[in-house]
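Some notes on the structure that comes next.
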Amino acid sequence: MLRKLFSSLPALLRRTRAVTPAQVVILGFLALILAGALLLTLPVSTRQSGGASFADALFTATSATCVTGLVLHDTATYWSPFGQAVILALIQVGGMGVVTMAVAVSIFSGRKIGLKQRWVMQESISAPQVGGIVRMTGFILRCALAIEAAGALLLALRFCPQFGLGRGLWYALFHSVSAFCNAGFDLMGVQQPYSSLTAYVGDPLVVGVIGLLIITGGLGFLTWEDISRHRHHLRRYRLQSKLILTATAALLLLSFLFFLLYEFRQPQWEAFTPWEKWLAAAFQAITPRTAGFNSVDLTALTPSSQLLTILLMLTGGSPGSTAGGFKTTTLAVLLLCARAVFLRRDSAQGFGRRLQDSALRSASAIFLLYLLLFLAGGIAICCIDSVPMMDALFESASAIGTVGLSLGGTASLSQPSRFILIFLMYFGRVGGLTMIYAVTSGARPCAQYPQERVTVG
């Protein structure tokens with residue numbers, strides 16, 4: 001079914017002249033979610049007879065396609081090998097982008113890529129221009145498969161001796177793809193349900209490889225191209241890549257120092273060795289960047305650390321990547337604009353370049369939209385299911401940031417709250433601007449009205 005969907009999507013793009021790229025992206029994700037949900041309802045998809053209900057299958061398919069990682073059932077013990085394979089396929093396609101995978105089928109089958117399809121590809125991977133888009137898509141696919149294969153080989157060194165050759169290779173592949181696509185699904189429930197990577201808190205091979213895969217997948221495809229072409233010549237990088245690398249490094253370093261110097265000095269972590277505290281702090285700084293794995297019990301974190309985790313989940317990764325959130329570039333643009341205001345400059349500047357006014361407008365709109373939906377979702381879940389506000393906000397941030405971290409209350413939520421999370425996951429993966437452009441595709445520019453000063457602050 002998934003193969004048929006990908007093979008038919010290029011032909012659909014050629015026939016739908018009036019459909020905008022933003023609409024193609026959101027409809028492609030919706031079609032993939034529904035196809036995955038139908039496959040997960042089959043009796044062969046679960047270990048128990050009867051199969052999953054459509055509501056549970058829809059939630060899981062949405063979480064996998066939107067590379068979130070929130071689950072209602074433990075992936076290893078509830079879903080059969082077939083069901084796990086469906087989830088992995090949804091993660092891979094959802095992480096790389098439905099349109100990217102559909103066009104990849106056209107490239108490998110030798111079909112001609114028209115201007116309409118190139119336009120849609122540009123929207124799908126957040127490329128700055130249509131020119132060279134096919135070459136870039138091929139570069140993205142080759143790099144992604146190579147990185148996932150390398151991650152799987154390294155993880156197999158640990159999982160094959162522990163679980164046997166066959167299962168060890170499957171676990172290595174599953175976790176490599178899940179980490180690179182920032183999905184957060186895991187199969188460690190065979191040791192203890194919903195345990196994620198807590199058994200490997202002091203294992204540098206497992207948490208190190210998965211951490212590197214998370215960071216790599218969250219940097220963005222355009223940043224990969226800059227790194228590949230210019231390597232250590234940072235001055236030649238695009239401004240976007242410079243902002244992404246700077247913001248990513250700052251977020252990782254500051255959050256690592258907070259977790260190391262404050263959180264893991266608390267009494268509940270006294271059983272950890274100094275080495276485990278270092279690894280735990282590093283991994284806890286990485287995984288909220290929309291990855292969804294955890295190497296420590298999140299319910300044992302202090303409220304301050306849980307709040308920081310929420311803020312990291314909302315920020316997420318970078319545009320054109322497998323990560324979600326309102327993106328590091330949005331945060332960087334807002335901070336640069338704030339600095340310009342404080343220094344009384346007419347425009348925001350960074351790395352010897354002046355930012356466009358449209359970048360500030362887009363960043364402000366995205367940030368406000370994510371903040372409103374995050375708060376609205378958390379408050380609604382709190383009111384519907386009477387859960388603590390911190391738990392509700394944690395679930396809401398995890399969903400809209402497509403992260404997958406949870407304080408353990410996802411499975412106990414009522415159906416209305418689950419539908420709220422489904423919408424937030426879908427919105428977070430498709431993207432705020434893509435959703436807005438799809439809805440307002442027919443809007444016309446308004447007339448220029450007289451300008452008047454408004455005092456703020």
Hits in segment 134-190 (condition: within 16 Å of G404 (Cβ to Cβ) and open to solvent by 20 Å² or more (accessible area, probe 1.4 Å)): D186
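This table checks each residue for (1) closer than 17 Å to F293 by Cα; (2) small (G, A, S); (3) without any contact (Cβ under 8 Å) to a residue 60 or more places away in the chain.
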| position | (1), (2), (3) |
| --- | --- |
| L154 | no, no, yes |
| P161 | no, no, yes |
| G164 | no, yes, yes |
| G168 | no, yes, yes |
| V177 | yes, no, no |
| N182 | yes, no, no |
| F185 | yes, no, no |
| V190 | yes, no, no |
When segment 379-404 is examined, which residues are found to be in contact (Cβ under 8 Å) with a residue 12 or more places away in the chain and surrounded by fewer than 19 Cβ atoms within 10 Å (Cβ to Cβ)? I379, A380, I384, D385, M390
Residue check for I215: β-branched (V, I, T) and open to solvent by less than 10 Å² (accessible area, probe 1.4 Å): no
Looking at L407, L373, L369, can you tell me which residue is at pLDDT 90 or above, crowded, with 19+ Cβ neighbours inside 10 Å and part of a helix (DSSP H, G or I)? L373
Among the residues of segment 320-336, count how many are open to solvent by 20 Å² or more (accessible area, probe 1.4 Å) and touching a helix residue (DSSP H, G or I) at 6+ places or on another chain (Cβ under 7 Å). 3
Just give me the residues in segment 288-317 being among the β-branched types (V, I, T), assigned to a loop (DSSP other than H, G, I, E, B) and closer than 20 Å to R265 by Cα, in sequence order. V296, T302
Would you confirm, using the coordinates I've provided, whether G114 is out of contact with any strand residue (DSSP E or B) (no Cβ under 9 Å at 6 or more places or on another chain), at pLDDT below 65 and at positive phi? no
Inside segment 376-403, can you point out the residues that are outside any helix (DSSP H, G or I) and aliphatic (A, V, I, L, M)? V387, V403
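The values are calculated or read from the model by the stated rules, or taken from the named source; none is laboratory data. Since the model is a prediction, treat every value here as computed from it, not as a measurement. Cβ coordinates were reconstructed from backbone atoms using ideal geometry, including for glycine residues, and neighbour counts include every protein chain displayed. Accessible surface is based on the protein model in full, side chains and every heavy atom, while ligands, DNA and RNA are left aside. Shrake-Rupley method; radii C 1.70, N 1.55, O 1.52, S 1.80 Å.
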